[in-house]
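The structure under discussion appears below in the form of structure tokens.
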Amino acid sequence: MFFLRRIPKSIVVAAAGCLAAGGALAHIKNEASQFPDIEFSDARYDIVVLVGAGIIPQTPVFEPDSPLSRHDLAAWVALARGLGSGGETPDMDALADAALEHGAVESLDGLTTYAELNALFFGGRLTLEESDQTPSRGEAASFIAEHLDTEAGRALLASLDLRTGATGTVTAVRSERGEEHGAYVIAVGDTALPMYLHGRVANGPVDLLQWKDRKIRRSFVRDTEHGPMWIYLEAEPRVETAAMPAIAGTPQAADGPPPVNRKLMYWLVAAVVVLGLALFLRRRRTH
């Protein structure tokens with residue numbers, strides 16, 4: 001390992017910076033990277049909200065147009081109530097069974113209704129016009145997300161240690177390491193909070209350094225033992241310029257770069273180190 005100590009410090013710092021940035025970006029997701037099948041769904045932002053809140057499990061796909069089954073609803077309820085494990089690609093059967101075993105739901109068979117969503121997430125306190133209809137999975141996500149600012153919705157958020165956050169302009173973004181957050185502290189107006197390591201964003205890039213001056217229209221904060229943190233930031237859409245008009249009826253993807261390719265990042269770091277070593281050895285031979 002002697003040769004590593006002799007590589008110029010600037011090269012080592014650059015390599016470490018690439019790894020740190022890649023690791024930070026890998027944990028932040030938006031509607032383009034959370035699920036491969038929601039980017040053009042009308043419910044995409046609401047789906048991302050509920051994943052960040054810990055209500056919708058992080059399955060490989062979401063299928064927003066499929067009708068919501070009681071089995072899947074039970075898995076959502078179990079995750080929201082802490083009756084089972086979440087994380088990436090959770091065991092949906094185990095979550096649903098946990099909800100049934102704890103009496104949170106009465107059955108896992110058939111399709112669910114808006115009335116059941118109201119009962120399980122809002123204590124039946126919402127007034128519904130067509131409560132016996134079956135929502136699609138995307139419609140169910142929008143139904144829950146759109147009622148989070150009601151009295152019943154705030155009670156649901158409180159049970160998850162969440163609350164609505166500030167809106168307005170992102171006035172600053174700075175890098176800072178913490179135990180539960182990654183590389184960013186973000187100021188929305190006068191409110192500066194770290195971003196949770198597995199935070200979610202919508203209508204903007206996963207690289208939060210690009211969020212300076214963006215307008216936040218919806219945000220959520222989680223109160224943790226390390227203090228409050230952003231878990232979700234949703235930006236206003238950017239205004240299209242005359243030079244690049246939006247095509248009518250064409251959904252616009254989130255701006256910014258695609259998610260970081262971790263393997264490519266490691267190869268680039270390795271290339272930087274090898275190049276630095278080659279230059280160093282060549283310099284020694286010339287002297």
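For the reader, a short list of remarks on this structure follows.
- Single condition L120 does not satisfy, out of (1) assigned to a helix (DSSP H, G or I); (2) open to solvent by 30 Å² or more (accessible area, probe 1.4 Å); (3) out of contact with any helix residue (DSSP H, G or I) (no Cβ under 8 Å at 6 or more places or on another chain): (3)
- Set S159, S131: member being among the hydroxyl-bearing types (S, T, Y) and either open to solvent by less than 30 Å² (accessible area, probe 1.4 Å) or out of contact with any helix residue (DSSP H, G or I) (no Cβ under 7 Å at 6 or more places or on another chain) (or both): S159
- Among the residues making up the stretch 225-240, a single one is among the β-branched types (V, I, T) and under 17 Å from the mean Cα position of the chain (by Cα): I231.
- Hits in the stretch 93-117 (condition: part of a loop (DSSP other than H, G, I, E, B) and charged (D, E, K, R)): E106, D109
- Breaking point among (1) surrounded by 14 or more Cβ atoms within 10 Å (Cβ to Cβ); (2) closer than 18 Å to V51 by Cβ; (3) free of Cβ contacts under 8 Å to residues at least 60 places away in the same chain, for L111: (2)
- Scanning the stretch 115-157 for residues that are free of Cβ contacts under 8 Å to residues at least 40 places away in the same chain, more than 21 Å from D223 (Cα to Cα) and of a type in the set (G, A, S) yields A115, A119, G123, G124, S131.
- Residues in the stretch 95-104 that are open to solvent by 50 Å² or more (accessible area, probe 1.4 Å) and either on the phi < 0 side of the Ramachandran plot or under 20 Å from the mean Cα position of the chain (by Cα) (or both): 4 in all.
- For the stretch 31-51, residues that are in a loop (DSSP other than H, G, I, E, B) and either under 11 Å from the mean Cα position of the chain (by Cα) or among the small types (G, A, S) (or both) total 7.
- P90 closer than 27 Å to A183 by Cα and not in a helix (DSSP H, G or I): yes
- Number of positions in the stretch 75-92 that are loosely packed, with under 13 Cβ neighbours inside 10 Å, of a type outside the set (G, A, S) and either under 17 Å from L120 (Cβ atoms) or out of contact with any strand residue (DSSP E or B) (no Cβ under 9 Å at 6 or more places or on another chain) (or both): 0
- Once the stretch 52-74 is narrowed to residues that are modelled with pLDDT under 95 and not in a loop (DSSP other than H, G, I, E, B), the residue that is most open to solvent (accessible area, probe 1.4 Å) is Q58.
The values are calculated or read from the model by the stated rules, or taken from the named source; none is laboratory data. Only a predicted model underlies this, so the values are computations on that prediction, with no experimental measurement involved. As a convention, Cβ positions derive from the backbone with ideal geometry for all residues, glycine included, and neighbour counts pool all protein chains shown. When the accessible area is computed, the model is the full protein with side chains, heavy atoms only, and any ligands, DNA or RNA have been set aside. Shrake-Rupley method; radii C 1.70, N 1.55, O 1.52, S 1.80 Å.
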